[in-house]
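The values are calculated or read from the model by the stated rules, or taken from the named source; none is laboratory data. Source: prediction; values computed, not measured. Using ideal geometry, Cβ is built from the backbone for each residue, glycine included, and neighbour counts are taken over all protein chains shown.
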Amino acid sequence: MHSILVLVISANHTEVRVLQSILREQSEGEVAIVGSADRGEEALSRSLALRPQVILVNLDRTEDGALEIISRLRGLVLEAGIVALIPTAGSVYEEMACAAGADAVVARTDVATGLMPAVRRAARSAQSRRRLVDQGAPEQVP
């Protein structure tokens with residue numbers, strides 16, 4: 001049974017297919033890919049429409065404003081966990097992705113071993129946020 005619904009966001013369609021394949025292989029059925037999107041408005045609209053539990057954002061250092069999508073997603077889809085796939089470990093991208101709102105960060109060199117643990121971590125973070133929001137929500141009067 002699929003327990004984590006994932007949306008993959010990347011400007012590179014080949015990388016989308018590779019990431020989807022890795023997630024399917026590593027998750028042993030724990031993950032269901034609900035879709036993919038390019039960055040920008042498509043990512044925002046697909047996130048709202050599909051309501052994934054985790055959004056995997058592939059960041060590319062060559063694109064201006066690549067980190068902006070994380071902060072936009074965080075503001076729009078609070079209940080989703082966000083995993084940032086960054087060019088290299090320990091890079092400035094790691095700190096910047098977390099500051100923008102990513103729950104977990106994985107370097108491209110660590111995808112084979114680090115992607116599923118990061119997806120699980122982001123899903124747990126999202127679940128904790130949902131609980132806090134639910135507990136803080138005022139009771140509705142009939």
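Here are some notes:
- Cβ pairs under 6 Å, 6+ apart, first in segment 63-77 and under 16 Å from ALA11 (Cα atoms), second at pLDDT 90 or above and in a loop (DSSP other than H, G, I, E, B): ILE70/GLY101; ILE70/ALA102
- Residue under evaluation ALA49, criteria (1) of a type in the set (A, V, I, L, M); (2) part of a helix (DSSP H, G or I); (3) surrounded by 13 or more Cβ atoms within 10 Å (Cβ to Cβ); (4) without any contact (Cβ under 8 Å) to a residue 24 or more places away in the chain, criterion not met: (3)
- Which numbered condition THR113 misses (of (1) among the polar types (S, T, N, Q); (2) farther than 20 Å from ARG124 by Cβ; (3) surrounded by fewer than 16 Cβ atoms within 10 Å (Cβ to Cβ); (4) free of Cβ contacts under 8 Å to residues at least 24 places away in the same chain): (2)
- Within segment 10-25, residues that are free of Cβ contacts under 8 Å to residues at least 40 places away in the same chain have Cβ atoms under 9 Å from residues that are part of a helix (DSSP H, G or I) and of a type in the set (A, V, I, L, M) in these pairs: VAL18/VAL111, counting only partners at least 6 apart in sequence or on another chain.
- In segment 69-103, the residues that are among the small types (Gly, Ala, Ser), farther than 14 Å from LEU19 by Cβ and not in a helix (DSSP H, G or I): ALA80, GLY81, ALA89, GLY90, SER91, GLY101, ALA102
- When LEU78, LEU59 are screened for being surrounded by fewer than 18 Cβ atoms within 10 Å (Cβ to Cβ), in contact with a helix residue (DSSP H, G or I) (Cβ under 7 Å, 6 or more places away or on another chain) and at pLDDT below 90, only LEU78 passes.
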